[in-house]
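K.L.:
Below are the structure tokens for one structure; questions will follow.
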Amino acid sequence: PPVNFNFSDKRVRQALYYAIDRRLINDTLFGGRNRILWNPPGFKEYDDLNQYPYSPEKAKQLLAEAAAEGKVDLSKTIRFFYANELGDGAKIAPIIQQQLEAVGLKVELNGVAIDAWEKVVTDDTQRGTYDAGFSAGGAEGLGPERSSIYFKCGKEPVNGQSGYYNCDLRALWEKALTQVDEAARDETYHEIARILNDEVPQLYLWQLAGVHPVNKRVQGMIIPAFERYFSMNAEEWSVTQ
């Protein structure tokens, strides 16, 4: 189903990255603990990538260029969909709204319970009911290959996908999965990172820093890279006197 606001021009997507002060949000809500991102969390921080520093002026410039060419209608409203309980969405969404409106965009917030959010984002027929959304979680931080599931080649359903289709990008991901040589595989992921960083099919804000308090008496516990695996070796835990 068609959406209300058109993000098809990459300058519009880049403008959003410049407009959102994710470093300020991280400092304000999370005490600066999270790692700021400009690509999926499992990728290396390659030196040649754009880190998209906060720049309302750059955002306005890109939006004006796209609008002048008829690539985007800035009078349209971005319907921003999120779950109130997911990743502090209820706190983050109003800040993002304020920052986007500061560069000339119109944003309408729609925060719902997480079960209602889940039903909508997993139903492709509901895609026309929102234009942008906020999500959190996932195992992508474990490695660059974990993000490949969101980017396909053909016009597959949006459900579970980014909605961005690039067959060259998909071919690179398939190539990386077949490369045994670590240096060659890293260069392939580097090329993937360049594409994602320039095209901005999704805006990655930060990688949450996990906080795992553990009593010193507990022995044998391994702090996992992904919090859902927190008790993965619970059978090996022991408690000292």
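K.L.:
If the Cβ limit is 9 Å and pairs must be 6+ apart or interchain, which residue in region 158-174 that is within 21 Å of ALA132 (Cβ to Cβ) and among the β-branched types (Val, Ile, Thr) pairs with which residue that is at pLDDT 65 or above and surrounded by fewer than 17 Cβ atoms within 10 Å (Cβ to Cβ)?
P.N.:
VAL158/ASP124
K.L.:
Failed condition for PRO53, given (1) without any contact (Cβ under 8 Å) to a residue 24 or more places away in the chain; (2) surrounded by fewer than 15 Cβ atoms within 10 Å (Cβ to Cβ), with all others met?
P.N.:
Single failed check for PRO53: (1).
K.L.:
Looking at (1) touching a residue at least 24 places away in the same chain (Cβ under 8 Å); (2) within 30 Å of GLU182 (Cα to Cα), which one does VAL72 not meet, given that it meets all the others?
P.N.:
Of everything listed in (1) touching a residue at least 24 places away in the same chain (Cβ under 8 Å); (2) within 30 Å of GLU182 (Cα to Cα), VAL72 misses just condition (2).
K.L.:
Take the residues in region 124-158 that are in a loop (DSSP other than H, G, I, E, B) and modelled with pLDDT of 85 or more; name whichever of them is surrounded by the fewest Cβ atoms within 10 Å (Cβ to Cβ).
P.N.:
If we take residues in region 124-158 being in a loop (DSSP other than H, G, I, E, B) and modelled with pLDDT of 85 or more, then SER135 is surrounded by the fewest Cβ atoms within 10 Å (Cβ to Cβ).
K.L.:
Now for a separate question. Just to be sure before I move on: is ALA93 small (Gly, Ala, Ser) and farther than 21 Å from THR122 by Cβ in the structure I sent?
P.N.:
Criteria not met by ALA93.
K.L.:
Another question, then. Only one of ALA93, ALA64 is free of Cβ contacts under 8 Å to residues at least 24 places away in the same chain and not in a loop (DSSP other than H, G, I, E, B); which?
P.N.:
When all the criteria are applied, what remains is ALA64.
K.L.:
Just to check your reading of the model, which residue among ILE25, ILE36 is of a type in the set (Val, Ile, Thr), open to solvent by 20 Å² or more (accessible area, probe 1.4 Å) and within 20 Å of GLY210 (Cα to Cα)?
P.N.:
That would be ILE36, the only listed residue that is of a type in the set (Val, Ile, Thr), open to solvent by 20 Å² or more (accessible area, probe 1.4 Å) and within 20 Å of GLY210 (Cα to Cα).
K.L.:
Starting from region 1-25, take each residue that is assigned to a helix (DSSP H, G or I) and list its partners that are surrounded by 21 or more Cβ atoms within 10 Å (Cβ to Cβ) and of a type in the set (Gly, Ala, Ser), counting only C-beta distances under 6 angstrom and pairs at least six apart or across chains.
P.N.:
Pairs that qualify, where the first residue is assigned to a helix (DSSP H, G or I) and the partner is surrounded by 21 or more Cβ atoms within 10 Å (Cβ to Cβ) and of a type in the set (Gly, Ala, Ser), are ARG11/ALA66; VAL12/ALA66; ALA15/ALA59; TYR18/ALA59; ALA19/ALA59.
The values are calculated or read from the model by the stated rules, or taken from the named source; none is laboratory data. Quick caveat, the model's predicted, so the values are computed rather than measured. Here the Cβ is made from the backbone with ideal geometry for all residues, glycine too, and neighbour counts use every protein chain on show. Surface areas here come from the heavy atoms of the whole protein model, side chains and all, with no ligands, DNA or RNA. Shrake-Rupley method; radii C 1.70, N 1.55, O 1.52, S 1.80 Å.
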